[in-house]
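Data first, discussion second: the structure below is written as structure tokens.
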Amino acid sequence: MTMRPASPDDLETIATLTSAAYRPYSELFGAPPIPVTEDYTPRIERGEVWLCEIGGQTAGLVVVEQHADHLMLFSIAVSPAFQGAGHGLAMLRWLEGKAREWAVPEIRLYTNARMERNIALYSAFGFQETGRRPNPYRPGWTLVDMTKEINAACAAANGEDDMTKSGTIRTGIGGWTFEPWRGHFFPESLKQKDELNYASRQLKVIEVNGTYYSTQKPAVFAKWAADVPDGFIFSLKATRFVTNRRVLAEAGESMERFLSSGISELGDHLGPLLWQFAPTKRFDSDDFEAFLKLLPAKQDGLALRHVVEVRHDSFKVPEFVALLSKYGVAPVCAEHFEYPMIADVTADFVYARLQKGSDDIPTCYPEKDLKAWADRLETWAEGKVPDDLPLLDGDRKVKTEPRDVFAFMIHEGKVNAPHGAIALQQALAK
């Protein structure tokens, strides 16, 4: 999903899309809602109209007024051809991101009291009804006023940082489709189509493995985003067609294909992109730097975080750490029986994969090991470096600043992985 400001050339597209999107309400009310009859020319000139594009087509639009103390959402519309795939929620997430970017403390809107579907959508996204009043332009119609507070934006406006003390720690698992979890982690009565919805409310992050093997469609990413709560994160394992090659500098086309496949549909739910290399891939400084140079900072205006998992001992050199630090890319801190552990901090986040868990233990790891890992995660989040993990470059100075931390319970059997991730998250609260 790409959001761009509308231009005067888009006027006909805006009118056609708005009319089509609101047609059910025009028929219900016996007259068109205000957005259908609006003159969008001055709004375009003021930069208030934004178009949502998917696959080269206009899928929706957002019309928003920017005021000193709030954003006013005038209209949000999804083309009938794109409805039912979560694009309305995706545009609301985009709008919330703009509110944070512009340091605006709240988003306001008003809608017709009979637009129950819209009201349900806004309520699900966190808007609260603040009152009802007659519509001054449509006698007999009632407007519902709604507001959503943007806490992070308030902090920015006050010159504060909501992560001054510690970053956010999220623990999770790999994937959510796994038959042995049914009746063990998932309730017996839960339908398979509801498994992501359930898992995302028990955990804080999931590492998606399927994106490594095959390309997903934008609608799939949008559906995932619509199925999870605010604050939940997807880490995507990037396509193997980039990392499984002899010359990494030649991976640009495959990388672009993956990045433009629709991952931005996840919006604020998009977490680190994991680039996993084969155990046979050896470290070559020039070769690997050529790969790092290909990694973009943004996709469709969305900031990207990159993490690499290398699994050959030749990478256990300070030169590798220096390269990652130069490009702001994190290494996977892997606790594995065979692969190297690289605990050096080289980015504004830390990514750990805990792979020594056992299905003979209900929580994957014994309690004392969970406590040890909880302590390490908290140390990283505070911007420090744990003193009980080996470093490839122990003399290197790391800036003390809050860091987000992602930790995954991923082991061969993985039957108890969800319970292990939950236990680790609980250990953080003790």
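Two numbers describe the Cα atoms of segment 269-328: Rg and Dmax, which are 12.3, 36 Å.
How large is the dipole of the chain about the Cα centre if only Lys and Arg carry +1 and Asp and Glu carry -1, each at its Cβ, rounded to the nearest 20 debye?
Working: 48 positive and 59 negative charges, 122 e Å.
Approximately 580 debye in magnitude.
Run the numbers for Ser7 and Lys371: contour at 0.36 nm per residue of separation, minus the present Cα-Cα distance, in nm. Extending this stretch completely gives an extra 125.5 nm. Taking every Cα-Cα distance in the chain and sorting them into 20 Å bins from zero, the calculated P(r) comes out as 23, 52, 23, 2 percent.
Take every Cα pair under 8 Å whose residues are at least 6 apart in sequence, average their separation, divide by the length of the chain, and the relative contact order is 13 percent. Legend: calculated FRET efficiency, Glu45 to Thr280, from the Cβ-Cβ distance at R0 = 45 Å, rounded to 0.05, equals 0.20.
Of all GluC sites (Glu not before Pro) in segment 259-367, which ones are in loop regions per DSSP and have a Cβ with at most 15 other Cβ atoms within 10 Å? List each step's numbers first, then the result.
Details: sites: Glu265, Glu289, Glu309, Glu319, Glu335, Glu338, Glu367; in loops: Glu338.
Passing both the DSSP loop test and the Cβ count: Glu338.
Computed with a 1.4 Å probe over protein heavy atoms only, the accessible area of Asp393 comes to about 40 Å².
Projecting the Cα atoms of Gln299, Thr243, Ile206 onto the dipole axis of the chain, where Lys and Arg carry +1 and Asp and Glu carry -1 at the beta carbon, places Ile206 farthest toward the positive end. With each label modelled as a point 7 angstrom along the Cα→C-beta vector, the Asp387-Thr37 pair spans 7.3 nm. Relative to the Cα centre, the charge distribution of segment 332-430, modelled as +1 at Lys and Arg Cβ and -1 at Asp and Glu Cβ, gives a dipole magnitude of about 180 debye. Going by accessible surface with a 1.4 Å probe and the largest first, Lys384, Lys399 read Lys399, Lys384. The slack in the chain from Leu121 to Phe29, taken as 0.36 nm per residue of separation less the alpha-carbon distance, amounts to 31.1 nm.
Here each label is just a point 7 Å from Cα along the line to Cβ, and for Tyr137 and Glu179 those points are 5.8 nm apart. For the pairs Lys217/Lys281; Lys316/Lys397; Lys298/Lys326; Lys204/Lys326; Lys193/Lys217; Lys98/Lys298, note any where the Cα-Cα span goes beyond 21 Å. Check vs 21 Å cut-off fails for Lys217/Lys281; Lys204/Lys326. Each Cα pair under 8 Å and six or more residues apart adds its separation to the average, and for segment 187-267 the resulting relative contact order is 36 percent. For segment 327-417, chymotrypsin sites (Phe, Trp or Tyr not before Pro) meeting the loop criterion (DSSP other than H, G, I, E, B) and having at most 10 other Cβ atoms within 10 Å: Phe337.
The values are calculated or read from the model by the stated rules, or taken from the named source; none is laboratory data. Given the structure is predicted, the values throughout are model-derived calculations rather than measurements. With ideal geometry, Cβ positions are generated from the backbone for all residues, glycine too; neighbour counts draw on all protein chains shown. The area values use the complete protein model at the heavy-atom level, side chains included, leaving out ligands, DNA and RNA. Shrake-Rupley method; radii C 1.70, N 1.55, O 1.52, S 1.80 Å.
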